[in-house]
1. Can you pull out the residues in the range 137-151 that are aliphatic (A, V, I, L, M) and in contact with a Ser or Thr (Cβ under 9 Å, 6 or more places away or on another chain)?
2. Which of the residues that make up the range 13-28 are under 24 Å from the mean Cα position of the chain (by Cα) and surrounded by 11 or more Cβ atoms within 10 Å (Cβ to Cβ)?
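We did not get these values from a lab; they are worked out from the coordinates using the rules stated. Keep in mind that this is a model prediction, so the values were computed, not measured. For neighbour counting, all protein chains shown are included, and Cβ atoms are generated from backbone atoms with ideal geometry for every residue, glycine included.
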Amino acid sequence: MIIRLIRVLLAIDIGIVLFCLLEKNYGWFLNTQVAFASSLLVTTASFLGYKKMVEDRLAAGAAEELSKFDDPYELNEEEEPEPNTKPRQPTIKKLGAWQAFVGALRGHLSLFRLGAYLILILGFIALHHRGLLEPVAYIFGLTIVPAATVTMLLLEKNRSDA
């Protein structure tokens, strides 16, 4: 899935580069490439931050809690329950508001993600201060990565459902 997404993103970017260069529209070229690179960095940083947050929770012993979401009715259990006993309800550890806030904040404020957003903002400011900013081209460049990612996920979901 990830390899296909990278291929699709590269193909789209190459198409945009070729179009801009053939049209000799260097403003669009610069804006779309700065926005595309920034958007790709933000998306990658978000993925890495989320991955690290999940790995930290697994290392802290939350693997059993997470496996309950994969098999909530314990259908993959090896043991057969006794016929006269009630099925046990899975218990999920409830976090306090502060613990939940801090846990979510660590995932959202990773250094990778903050650095990627900083690059996004600095790219925008640099284009604006040099008088090269074309808002339509910049927004178009920003939307390529999220649109391609959502499209690929929907196609993958439809393929797995069929």
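1. Ala137, Leu142, Ile144, Val145 - these are the residues of the range 137-151 that are aliphatic (A, V, I, L, M) and in contact with a Ser or Thr (Cβ under 9 Å, 6 or more places away or on another chain).
2. Hits for the range 13-28 are Asp13, Ile16.
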